[in-house]
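What follows is one structure encoded as structure tokens, with my remarks underneath.
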Amino acid sequence: MTNRIKVLVSVINFSLEVSQNSKLYLLRNCISINYRDEVDFIFCPKCKEEQSKDAMVVIGHKLGIRSWCIRPMYMYAYHRLLRKHRHCGVKNQSTENLTATELDQLSRAVVLLSAECYSAWNIRKELVSSGLLSVDCDLHISTLVLTKHPRSAEAFAHRKWLINYFTKQKGKSTFCQEWLREEIIVSQQAAERYPDNYVAWSHRGWVADRFIDSKKKLLCELQGMEQWVQMHISDHCGFHYRQALITKLKQLVSVCDLAFLFLAELELVNSLLESLPGHESVWYHRRFLFQHWRLWFSTMPTDQLQHLALSLYENGKVEPSPANLMSCWVPCVKSLRIMCRSAMLKKRIESVLLRDVVISDWLPSVTTERAYCEKILRGKPGRQDEIQQRLAVNYLKWLETLSAQSSTFGNEPAIMSTT
């Protein structure tokens, strides 16, 4: 008998040896997680030796589940939950039916071990709809599940359902007061645990689009995201989220504030390209900025652009004051770099006005973008510089394609827009 067959037989025998009482013991330990804030699996390659040890390890508010008990516990909870629930349902009060507590415990164990089991999530939805389980408790469970399964589409879909159910019962304002900040934090923690976590960022974008509707909150969210994109510069999802916030801010801010916002964002892109060269995500974000600047401000005459520059110099500050930031609902830090960029923008505008330079030659345009890329192409040879130069060449090709799509593009001023 080969070693592979021996291992398979030993695992099957072990699963059969685990009695129903021991499974229930493991299950009850697993579901006693009301005060847990993180769960993970502990890999145990020698299952036979590990049987004598505790199946669960609890350190502070952290719960660890040893790998030897995952399969028997999941199979027991899943089959018992689905078999009984299929014949009885949540609302059926027959003697064969599982109690609400048992349904909660069994479904909780299933989703902790396998977050993509939509049948268990649906059972929890029925418990919430029947008033047998609170929304707060179920949000806490899904938060715990996301610490182990941060990219679970079913877990985020369940949270969305819970939010919709909560808002129908108590209204959007109550949700914003009690859960909005928590929802932003949960989405960001999931994005931290799994790179390029499109599911988490899509959920955060949905929350922002539906519940963040004030200029101050959007600006604070945008500013709080700046530090995140600096630390995760290759993650395009963070930049895409910033683009969604900028697009929504277009409806809430003045033309002057919007122009300053774009120029400040372009300064951020320039600083990232200079300090951390060779990241394609930053160049794609630059494309967004240039294209949307052109779309939103392309019809503005030169005299209005000159007036806009004066307004930017006199009132060019759209970010909240430090005092407002301290009491803001989103935790964010007003960095020194933001203040420096504001001062740099005002100084640059002042020098342009003093030299009486044509404003269209200073604001973002095809000419200025080509000059920026040519400066990069003249850089010193090196591995990072070679990657940066290749990305700059691709950006120049994109500019040519964009110019070809519009015969009047070369005569347009230079500011961007979103479709």
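The values are calculated or read from the model by the stated rules, or taken from the named source; none is laboratory data. Just so you know, these numbers come straight off a predicted model, no measurement behind them. Quick reminder, even Gly has a Cβ in these numbers, built from the backbone with ideal geometry, and neighbours come from all protein chains shown. In case anyone asks, the SASA skips ligands and DNA or RNA and just uses the protein heavy atoms, side chains included. Shrake-Rupley method; radii C 1.70, N 1.55, O 1.52, S 1.80 Å.
May I ask which of LYS168/LYS216; LYS170/LYS215; LYS215/LYS380; LYS168/LYS248 have a Cα-Cα span longer than 32 Å here? Could you put the intermediate results ahead of the total?
Values: LYS168/LYS216 26 Å; LYS170/LYS215 24 Å; LYS215/LYS380 43 Å; LYS168/LYS248 24 Å.
Exceeds cut-off: LYS215/LYS380.
Looking at SER281, ALA264, TRP293, which one has the Cα that reaches farthest to the positive end of the dipole of region 249-300 (charges on Cβ: Lys, Arg +1; Asp, Glu -1)?
TRP293
What are the residues whose amide H is under 5 Å from the amide H of PHE41, where those residues sit 5 or more places off or on another chain and H is modelled from the backbone?
Amide H to amide H, under 5 Å and 5 or more residues apart or across chains, PHE41 pairs with ILE65.
Could you order the peptides 105-116, 193-204 from most to least packed, using the average number of other C-beta atoms within 10 Å per residue?
Working: 105-116: 23.2, 193-204: 18.8.
Averaged packing, sorted descending, gives the order 105-116, 193-204.
Determine ³J(HN,Hα), in whole Hz, for all residues of region 264-279 in sequence, where each value follows from phi through the Karplus function 6.51 cos²θ - 1.76 cosθ + 1.60 and θ = phi - 60°; x replaces Gly and Pro.
5, 5, 5, 5, 4, 4, 4, 5, 5, 5, 7, 7, 10, x, x, 10
Quick check for you: with a 1.4 Å probe and neighbouring chains kept, what is the accessible area per residue of region 127-232, in Å²? The partial results should precede the final answer.
Numbers: 4490 Å² over 106 residues.
I get 42 Å² per residue for region 127-232.
Would you mind calculating the gained length between LEU132 and LEU276 on full extension (0.36 nm times residue separation, minus the Cα-Cα distance), in nm to one decimal? Present the calculation step by step, with values, prior to reporting the outcome.
On the way: separation 144, 0.36 × 144 = 51.84 nm, distance 5.23 nm.
So the extension gain works out to 46.6 nm.
For LYS397 and TRP206, what is the calculated FRET efficiency with R₀ set at 30 Å and r taken between the beta-carbons, to the nearest 0.05?
E(calc), rounded to 0.05, equals 0.30.
Is the shape of region 110-229 best called rounded, prolate or oblate, per the rule: a/c under 1.5 gives rounded, else a/b larger than b/c gives prolate, else oblate, with a ≥ b ≥ c the square roots of the Cα gyration tensor eigenvalues?
Note, shape of region 110-229 comes out oblate.
Relative to the present Cα-Cα distance, how much length would full extension add between VAL57 and ILE42 at 0.36 nm per residue of separation?
On the way: separation 15, 0.36 × 15 = 5.40 nm, distance 0.87 nm.
Length gained between VAL57 and ILE42: 4.5 nm.
Give me the distance in nm between label points sitting 7 Å out from Cα along the Cα-to-Cβ direction at TYR194 and ASN122, one decimal.
According to this spin-label approximation, the distance is 2.2 nm.
Given R₀ = 51 Å, FRET efficiency for GLN169-MET75 by Cβ-Cβ distance, to 0.05?
0.90
List, in order, the whole-Hz ³J(HN,Hα) value for each residue of region 168-177 obtained from phi through the Karplus relation with A = 6.51, B = -1.76, C = 1.60 and θ = phi - 60°; use x for Gly and Pro.
5, 7, 10, x, 5, 5, 5, 5, 4, 6
About the Cα centre, and with charges only on the beta carbon of Lys, Arg (+1) and Asp, Glu (-1), how big is the dipole of region 198-251? Nearest 20 debye, please.
240 debye
Given a Förster distance of 25 angstrom, what is the FRET efficiency for ALA404 paired with ALA371, based on the Cβ-Cβ distance and rounded to 0.05?
0.80
Any idea how far apart ARG390 and GLN227 come out in nm if each label point goes 7 Å out from Cα toward Cβ?
If labels sit at ARG390 and GLN227, their model points lie 3.4 nm apart.
Short version: ³J(HN,Hα) in whole Hz for each residue of region 178-193, in order, from phi by Karplus 6.51 cos²θ - 1.76 cosθ + 1.60 (θ = phi - 60°), x for Gly and Pro, what are they?
9, 10, 5, 4, 4, 5, 5, 5, 4, 5, 5, 5, 5, 5, 5, 7
Using a 1.4 Å probe on the protein chains only, how many percent of the accessible area of region 73-226 belongs to carbon and sulfur?
Ligands and nucleic acids excluded, carbon and sulfur give 47 percent.
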